[in-house]
Amino acid sequence: FISSMSPIKQKPVQVGDKVLLYHADYDNQGKTWMFHQYDRTNVIAGLIIFFLALVLLFGGKKGFSTIIALGLTMGCVFYFFLPSIFAGFNIYLATILVCIYVIAFTLILVNGVSYKTISAGIGCIGGLVISGLIFKIMNTMLELTGLIDEDSNYLLMLDRPIDLHAIIFSSILIGVLGAVLDVGVSIASSLHEIYPEGGEYTLKQVMASGMNIGRDIISTMTNTLILVYIGSSLSTTLLLVAYSNSFFELINRESIVVEVLQSIIGSIGLVFTIPLTSFFYGLGITRGVGKKTAAKASAAEL
């Protein structure tokens, strides 16, 4: 049967519905099958298949590479990152390794090895490093405890207590990783179209173009990042606003402070990714490929 203690009235179970049940032991009734929740596996699987089909349809070969990169990313998170935390591995180091792994394999699988890939990778890593350093400074200045919600308390009750400061560090870096990758690839790909390998360019030209492109990206990507964090914790934010006595009390709650940190630090990482990617692409194309191509052309004429 369905428990009457649920705050929301459940849809009555009908013939053909797939549900999850569990045993409940009562002193006077013995074992009773209790309704837990509806089985939503097939619907979710169908949605995932639809998404993957769209990626293949519109992405072609790169879409296939994107799916492989996504699979490797999920595998890294669920089969390395999370188990390493429970095993007592250093969370800061595990986070850094995951970020480098995701950046490297995603860029190489999608774009291959080139100056475009290398510059985007360096720009992404640089943006994440700056985000991590700013968090460490803010963590000390703001006197954070890491107890931002009820789930944080449960983490402290595990057989091997988890460093809550490190969890916040991981949530910020992993949360911003996708956006930083997007910005780095966008800048490198745009510059590659404007300044393909083999031309005669100056570093100043490439940097100027990269910064102009980046200015158009900053506003939208920053908004995207902030809205993602707000949307992911909307219920918690509504609850805090409803039970706060004043605005100053609200903005000093650690859960709100951490949300603000995630948004701002992530945005700072995005901003730094743009000049770093532009600089290293320009450095590679003007000092490396450009000179080699010109030398080959001169040798051919002789």
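Looking only at the stretch 70-89, count every residue that is out of contact with any Phe, Trp or Tyr (no Cβ under 6 Å at 6 or more places or on another chain) and open to solvent by less than 80 Å² (accessible area, probe 1.4 Å) and tell me the total.
13
So, E143, is that one open to solvent by 70 Å² or more (accessible area, probe 1.4 Å) and on the phi > 0 side of the Ramachandran plot or not?
yes
Does L276 satisfy being modelled with pLDDT of 80 or more, assigned to a helix (DSSP H, G or I), within 28 Å of K136 (Cα to Cα) and out of contact with any Leu (no Cβ under 6 Å at 6 or more places or on another chain)?
Yes.
Go through the stretch 146-162 and report how many residues are open to solvent by less than 100 Å² (accessible area, probe 1.4 Å) and more than 23 Å from the chain's Cα centre (by Cα).
4
I265: part of a helix (DSSP H, G or I), in contact with a helix residue (DSSP H, G or I) (Cβ under 8 Å, 6 or more places away or on another chain) and surrounded by fewer than 17 Cβ atoms within 10 Å (Cβ to Cβ), yes or no?
So I265 fails the test.
Which pairs do you get when a residue that is within 17 Å of L283 (Cα to Cα), found in the stretch 208-221, comes within reach of a residue that is open to solvent by less than 60 Å² (accessible area, probe 1.4 Å) and not in a helix (DSSP H, G or I), reach meaning Cβ atoms under 8 angstrom, with the pair 6+ apart or on two chains?
From residues that are within 17 Å of L283 (Cα to Cα), the pairs are S209/Y195.
Test G199 against the stated conditions and say whether it is open to solvent by less than 30 Å² (accessible area, probe 1.4 Å) and small (G, A, S).
So G199 fits the description; yes.
Looking at (1) open to solvent by 70 Å² or more (accessible area, probe 1.4 Å); (2) modelled with pLDDT of 85 or more; (3) over 18 Å from G269 (Cβ atoms), which is the only condition F247 fails?
(2)
Filtering the stretch 111-129 down to residues that are open to solvent by less than 40 Å² (accessible area, probe 1.4 Å) and aliphatic (A, V, I, L, M), which residue is nearest to I174 (Cα to Cα)?
L128
Tell me whether the stretch 122-144 contains one or more residues that are part of a helix (DSSP H, G or I), of a type in the set (S, T, Y) and in contact (Cβ under 8 Å) with a residue 40 or more places away in the chain.
Within the stretch 122-144, one or more residues are part of a helix (DSSP H, G or I), of a type in the set (S, T, Y) and in contact (Cβ under 8 Å) with a residue 40 or more places away in the chain.
I need a count of the residues in the stretch 243-273 that are under 16 Å from S232 (Cα atoms) and of a type in the set (S, T, N, Q).
Of the residues in the stretch 243-273, 3 are under 16 Å from S232 (Cα atoms) and of a type in the set (S, T, N, Q).
May I ask you to list pairs of residues, at least six apart or on different chains, whose Cβ atoms are under 7 Å apart, with the first in the stretch 14-31 being in a strand (DSSP E or B) and the second being modelled with pLDDT under 75 and of a type in the set (K, R)?
Within 7 Å, the pairs are H23/K31; D25/K31.
The values are calculated or read from the model by the stated rules, or taken from the named source; none is laboratory data. Only a predicted model underlies this, so the values are computations on that prediction, with no experimental measurement involved. Glycine gets a Cβ as well: all are built from the backbone with ideal geometry, and neighbour counts include every protein chain shown. Just the protein is used for accessible areas: all its heavy atoms, side chains included, with ligands, DNA and RNA removed. Shrake-Rupley method; radii C 1.70, N 1.55, O 1.52, S 1.80 Å.
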